[in-house]
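Chemist: Structure incoming, see below.
The values are calculated or read from the model by the stated rules, or taken from the named source; none is laboratory data. These numbers were taken from a predicted model, which means no experiment stands behind them. Because the Cβ atoms are built from the backbone with ideal geometry, glycine has one as well, and the counts that use them run over all protein chains shown. Just the protein is used for accessible areas: all its heavy atoms, side chains included, with ligands, DNA and RNA removed. Shrake-Rupley method; radii C 1.70, N 1.55, O 1.52, S 1.80 Å.
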Amino acid sequence: MEKIKLGIIGMGNMGAIHFKNILDGKCAEVDVTGVCDIDPARIEWAKETYAEFKAKNADLAEVFYFDDAIQMMESGKVDSIIVAVPHYDHPKYVIEAFRHGLHAISEKPAGVYTLQVREMMAEADKHPELKFGMMFNQRTNHVFRKMKEIIDSGELGAIRRVSWIITNWYRSQAYYDSGAWRATWSGEGGGVLLNQCPHNLDLWQWICGMPTKIDAKLHFGKWHDIEVEDDVTVYAEYENGATGTFITSTGDTPGSNRFEITCDGGKLVCDNASKLTLVKLETPEPVFTKTNTASFASPKSTVIEVETDGQNLQHVGVLNAFAAAVLRDEPMVADGREGINGLSLSNAMHLSCWQKREVTLPLSHEDEVAFHAELMERVKTSRRKENVTSVFADAAGTYNS
């Protein structure tokens, strides 16, 4: 069987997940043939991990180890790369991959600011023969796929209101203290919106479309000793007049995860990314309100527990689809160019808060420049933690992993 030869840039929490999934045989059309990390300890961990899997499967492809990503790209040992490094460097390495004739897939988010991501998209467009993917693994979740299918079908009519409270992102101070770069403007570029919520922001726009206006209130270091946002409340408007709210935090425990989409013909409710309920109106509200004559009447409705296919392939599903795209030109879970949509929402939220105004989407070039300028002002005074020993945790099975 033909396989892609994948190089992993970054052997942190996420890179380690991809490495072990592939070595464990979960990606039949992927061989890891390159691993790159600037931390010698992570390279040593990768070598030890590879040896453990090799002892069980002698047919594993040989892995070559690098401390420089460009050297790995130029080695001839890989034909594809996955970028799993801190956020600012996602576009940098994807761009380099394309310039070296390599297929590329990036971890979320696509980058920190949209100007940077547009450069990455422009480079991708110069290489139409190369595949460009984004690790939006939550798009493989059976509940979210079903929500999109129902909304796209039009059976519920136009969207009227969207509400997502996603506060089950609780993080203690120990999490933020596990790396000097975490939760800093210079190292991470943002907080809950850029670290935990890129999946939610992507799903929001993937299922419901992009709003046209954002008005956001953010709190920075409200619940933790950090400089970035850890509490967010957002109001949004859509072109058709629909409204939305998005609430998230890493300070709530126990938190909530409830995603509601109210339409003319009923409502979808997703609880904890695992259960989907449809409340179907017998008569769409716009029709009912024009024909009903009773003051306190409302349309009759039926409550349905929506059946799904139950599949939730996550990272393995995204990597397998990426390999199939490279080998046979099959569809990916998410094209890399789609990464700018959720990031535009995040950038708009920050800009709205910083400049205390409503921000219009799509972001104008002027607002993209304004966001970058505001961010860089904060980077100038960003405080990296000192004397921090990096702690790597097993993130497998976590919602945002």
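Chemist: Can you give the angle from 0 to 90° between the axis of helix 142-153 and the longest principal axis of the chain, with both taken from C-alpha atoms, to the nearest 10?
Modeler: So the helix axis and the longest Cα principal axis differ by about 50 degrees.
Chemist: Going by a ≥ b ≥ c, the root eigenvalues of the Cα gyration tensor, does the range 317-366 fall in the rounded group (a/c under 1.5), the prolate group (a/b larger than b/c) or the oblate group? Before the final figure, lay out each step's value.
Modeler: Working: a/c = 5.78, a/b = 3.52, b/c = 1.64.
Verdict is prolate for the range 317-366.
Chemist: To continue, here is another question. With θ set to phi - 60°, apply the Karplus curve 6.51 cos²θ - 1.76 cosθ + 1.60 along the range 194-208 and write out the HN-Hα couplings as whole Hz, x wherever there is a Gly or Pro.
Modeler: These are the phi-based 3J(HN,Hα) values: 9, 9, 7, 8, x, 5, 5, 5, 5, 5, 4, 6, 5, 8, 9 Hz.
Chemist: Per residue of the range 166-171, what does 6.51 cos²θ - 1.76 cosθ + 1.60 with θ = phi - 60° give for ³J(HN,Hα)? Whole Hz please, x for Gly and Pro, Karplus curve as stated.
Modeler: With the stated coefficients, the range 166-171 comes to 10, 10, 8, 9, 3, 9 Hz.
Chemist: For the range 85-194, which trypsin sites (Lys or Arg not before Pro) pass both filters: DSSP loop (anything but H, G, I, E, B) and at most 13 other C-beta atoms within 10 Å? Don't skip to the answer; put the middle values down first.
Modeler: On the way: sites: 92, 99, 118, 126, 131, 139, 145, 146, 148, 160, 161, 171, 182; in loops: 126, 131, 171, 182.
Listed in order of number, the matching sites are 126.
Chemist: Okay, moving on. Short version: ³J(HN,Hα) in whole Hz for each residue of the range 301-317, in order, from phi by Karplus 6.51 cos²θ - 1.76 cosθ + 1.60 (θ = phi - 60°), x for Gly and Pro, what are they?
Modeler: After applying 6.51 cos²θ - 1.76 cosθ + 1.60, I find 9, 10, 9, 10, 7, 6, 7, 10, 7, x, 7, 8, 7, 6, 4, 4, x Hz.
Chemist: Restricting to DSSP H runs of at least four residues, report the calculated mean residue ellipticity at 222 nm for the chain, -39500 (n - 2.57) per run over all residues, nearest 500 deg cm²/dmol. Intermediate results must be reported in sequence, preceding the final value.
Modeler: Numbers: 12 runs with 138 residues, N = 401.
The per-residue figure over the chain is -10500 deg cm²/dmol.
Chemist: If you don't mind, another one. Between rounded, prolate and oblate, where does the range 1-144 land on the alpha carbon gyration tensor, with a ≥ b ≥ c its root eigenvalues, rounded for a/c under 1.5, else prolate if a/b exceeds b/c? Provide the component values of the computation, followed by the final result.
Modeler: Values: a/c = 1.59, a/b = 1.43, b/c = 1.11.
Prolate is the answer for the range 1-144, as a/c is 1.5 or above and a/b outweighs b/c.
Chemist: Still on this structure, please answer the following. Excluding ligands, DNA and RNA, what is the solvent-accessible area per residue of the chain at a probe of 1.4 Å, expressed in Å²?
Modeler: Ligands and nucleic acids excluded, the result is 43 Å² per residue.
Chemist: Here's a follow-up. Take every DSSP beta bridge with both residues inside the chain and express the antiparallel ones as a percent of the total, to the nearest 5. Before the final figure, lay out each step's value.
Modeler: Numbers: 42 of 68 bridges.
Within the chain, antiparallel bridges account for around 60 percent of the total.
Chemist: Sticking with this one: Taking H as built 1.01 Å from N, whose amide H comes closer than 5 Å to the amide H of residue 32, not counting residues under 5 places away?
Modeler: For residue 32, the qualifying residues are 6.
Chemist: Rounded if a/c is under 1.5, else prolate if a/b beats b/c, else oblate: with a ≥ b ≥ c from the C-alpha gyration tensor eigenvalues square-rooted, which is the range 224-266?
Modeler: oblate
Chemist: Next up: Defining a contact as two alpha carbons under 8 Å apart and six or more residues distant in sequence, what relative contact order in percent does the range 166-297 show? Before the final figure, lay out the partial values.
Modeler: Details: 212 pairs, mean separation 31.4, N = 132.
About 24 percent, as a whole number.
Chemist: Within the accessible area of the range 88-223, what % is carbon and sulfur when the probe is 1.4 Å and the other protein chains stay in place?
Modeler: 48
Chemist: Expressed in nm to one decimal, what extension gain is obtained for the pair residue 56 and residue 287 from 0.36 nm per residue of sequence separation less their Cα-Cα distance?
Modeler: 76.7 nm
Chemist: List the residues, sorted by chain then number, that are 5 or more residues from residue 155 or on another chain and whose placed amide H is less than 5 Å from its amide H.
Modeler: Long-range HN contacts for residue 155: none found.
Chemist: What does the charge count around residue 42 come to, taking other residues whose C-beta lies under 12 Å from its C-beta (Lys +1, Arg +1, Asp -1, Glu -1)? Write down the numbers at each step before the final one.
Modeler: Numbers: positive: 47; negative: 37, 39, 44, 48, 67.
Once all neighbours under 12 Å are counted, the net charge is -4.
Chemist: Another question, if that's okay. Relative to the longest principal Cα axis of the chain, at what angle does helix 365-380 sit, 0 to 90 degrees, rounded to 10?
Modeler: 60
Chemist: Continuing with this model, one more query. Compute the long axis of helix 13-23 from its Cα atoms, compare it with the longest principal axis of the Cα atoms of the chain, and write down the angle in degrees, 0 to 90, nearest 10.
Modeler: Helix 13-23 and the main axis of the chain meet at about 70 degrees.
Chemist: Using DSSP to call loops (not H, G, I, E or B), can you name the chymotrypsin sites (Phe, Trp or Tyr not before Pro) in the range 177-274 whose Cβ has at most 11 other Cβ atoms within 10 angstrom?
Modeler: Values: sites: 181, 185, 204, 206, 220, 223, 235, 238, 246, 259; in loops: 181, 185, 223, 238.
Passing both the DSSP loop test and the Cβ count: no residue.
Chemist: Please check the chain for the longest run free of GluC sites (Glu not before Pro) that are loop-located per DSSP (anything but H, G, I, E, B) and have at most 15 other Cβ atoms within 10 Å. List each step's numbers first, then the result.
Modeler: Details: sites that count: 2, 62, 129, 155, 239, 282, 307, 358, 386.
The answer is 156-238.
Chemist: Enumerate by residue number the trypsin sites (Lys or Arg not before Pro) in the range 265-321 meeting two conditions: DSSP loop (anything except H, G, I, E, B), and at most 15 other Cβ atoms within 10 Å of the site's Cβ.
Modeler: On the way: sites: 267, 275, 280, 290, 300; in loops: 300.
Sparse-neighbourhood loop trypsin sites (Lys or Arg not before Pro): 300.
Chemist: What are the residues whose amide H is under 5 Å from the amide H of residue 160, where those residues sit 5 or more places off or on another chain and H is modelled from the backbone?
Modeler: Excluding prolines and chain starts, which carry no amide H, the hits are 262, 263, 264.
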